[in-house]
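The values are calculated or read from the model by the stated rules, or taken from the named source; none is laboratory data. Just so it is clear, the model here is predicted, and its values are computed rather than measured.
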Amino acid sequence: MTDSQTDVTPRCRVALNSVARVRQEMSKVYRAARSGTLPLGDATKLVFMLTQIGRLLADESLEKRIEDLERAATGALPDLRKQP
C-alpha cells in the first residue's frame, strides 16, 4: 500500500459546480505540485480529471444555452414543414 492509500486525513470537499471553481482547484493543485507537497504524478492525474470536469461543465452550459435559443425560436419562426 502506498502512503496515499493509507492516509486517513479528512479531505475538504470542494463544490466543483462551475468552471471558475474547477480553475481555482487546478490552481491549488498546481501550487501544491510546485511547492513539492503533492507529487507531480498525482498532480498530473488530478489536473486531468479537473480538466474533464471543466469541459463537461462548459458543454452543459452550452447545451442549455442552445436549448434556450431553440425554445425561444420555436415561437418566433413559422414552421416551414406545414404547407397550406
message: What's the number of the only condition in (1) at pLDDT below 90; (2) part of a helix (DSSP H, G or I) that Gln83 fails to meet?
response: (2)
field: Ser4 assigned to a helix (DSSP H, G or I) and modelled with pLDDT under 90
entry: yes
